[in-house]
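Okay, so here's the structure we're looking at.
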Amino acid sequence: MTLPVKSLHLQLPATSANLGPGFDALGLAMALYLTIDAMPSESLRIDATGRNADLCGDAANSLILSTYTSVLAAKNQPVTPLHLKLDNQIPLGMGCGSSAAALLAGVLLANHFGQLNWTDEQILEEACRREGHPDNVAACFFGGMTASANDKDRVITATCGENLTWNLLIALPSASLATEKARALLPPTYSRADAVANVQNTALLVSAFALNRADLLRTAMQDRIHQPYRMAACPLLARLLPLVNSPGIFGIALSGAGPSVLVIADPTATDDICSAIRDAAEDPELEILQTTISGGAHVQIGQK
């Protein structure tokens, strides 16, 4: 069988998972992108631009390429060497879904260049299996606010809120935090009261996105399952949570496993809110990314 020689264009959004109470169940796609143009080549190589270009361009340690080759090896398919032209806008190691985007990119590349002919469901399930939980990957693939759950070997998803015009502000501390370290901070069990509170708030949070009810977010984004236990490793969260009662701010939560903090806000008050965030953080140089809710992965097959 002849391998495809057509190039592949991918645009994969950043994601913010959990959204407070939606631990391992909710993810929000954000309009910051990992963009890849892939074409057959004589060797595996990457030309990278954008954020963390040196790390993204390291072919020997690339999660994208290792996923690509691993998927094909597992399916006993030959590996077509690729040249990736990559531009990255997603912060690495900051709770913004960089690993989910890379894993999904690797699976999509393997599906195309390995002629696997997988369905969207198979692509999603392979990427989720490698990520370990579906929230970031599902949101990266489908966009908007995507809820996801594992049902045996299947991943069940539902998406809403793609067209909401809420402003997303991501406050980025200077140090990153590994997801494995963040997970190690969590207790093995929870009280019934904490579990019930999170179920209630998660139901309210999904309703807020489905119904365009920003007024619900202040309550709906409160969490008792993971944020209190990660606070010491993510000190920016403790500084910013009191801002939830400020004008123009709808809700605040740790972005993914942290250490970044997601602020959902009124788009008409961005400058004042950014100033308030930096004042609360006591850091006038704090980096704040301003973006919006994004659609899902864009996949386009190029020309020969």
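The values are calculated or read from the model by the stated rules, or taken from the named source; none is laboratory data. This structure is a prediction, so every number in the text was calculated from the model and none was measured. We place every Cβ from the backbone using ideal geometry, glycine too, and count neighbours over all the protein chains shown.
Here are D272, D223: which of them is under 14 Å from L19 (Cβ atoms) and among the charged types (D, E, K, R)?
D223
Within the group A138, A171, A105, A100, which residue is crowded, with 23+ Cβ neighbours inside 10 Å and assigned by TED's automatic domain parsing to the domain that holds T268?
Within the list A138, A171, A105, A100, the selection yields A171.
Could you count how many residues in the range 77-103 are of a type in the set (A, V, I, L, M) and outside any helix (DSSP H, G or I)?
Looking only at that region, the number is 7.
How many residues does the range 58-76 hold that are surrounded by fewer than 17 Cβ atoms within 10 Å (Cβ to Cβ), at negative phi and assigned to a loop (DSSP other than H, G, I, E, B)?
So the answer is 2.
Restrict the check to the range 196-215 and report whether at least one residue is in a loop (DSSP other than H, G, I, E, B), at pLDDT 95 or above, in contact with a strand residue (DSSP E or B) (Cβ under 6 Å, 6 or more places away or on another chain) and buried (at least 22 other Cβ atoms within 10 Å of the Cβ). Even if it seems obvious, please write down each step before you answer.
Let us first name the residues in the range 196-215 that are in a loop (DSSP other than H, G, I, E, B), namely 212-213.
Pick out the ones that are also at pLDDT 95 or above and you get 212-213.
Imposing the further condition that a residue be in contact with a strand residue (DSSP E or B) (Cβ under 6 Å, 6 or more places away or on another chain) reduces the set to none.
Within the range 196-215, not a single residue is in a loop (DSSP other than H, G, I, E, B), at pLDDT 95 or above, in contact with a strand residue (DSSP E or B) (Cβ under 6 Å, 6 or more places away or on another chain) and buried (at least 22 other Cβ atoms within 10 Å of the Cβ).
Given the conditions (1) buried (at least 16 other Cβ atoms within 10 Å of the Cβ); (2) part of a strand (DSSP E or B), and given that Q300 satisfies all but one, which numbered condition is not satisfied?
(1)
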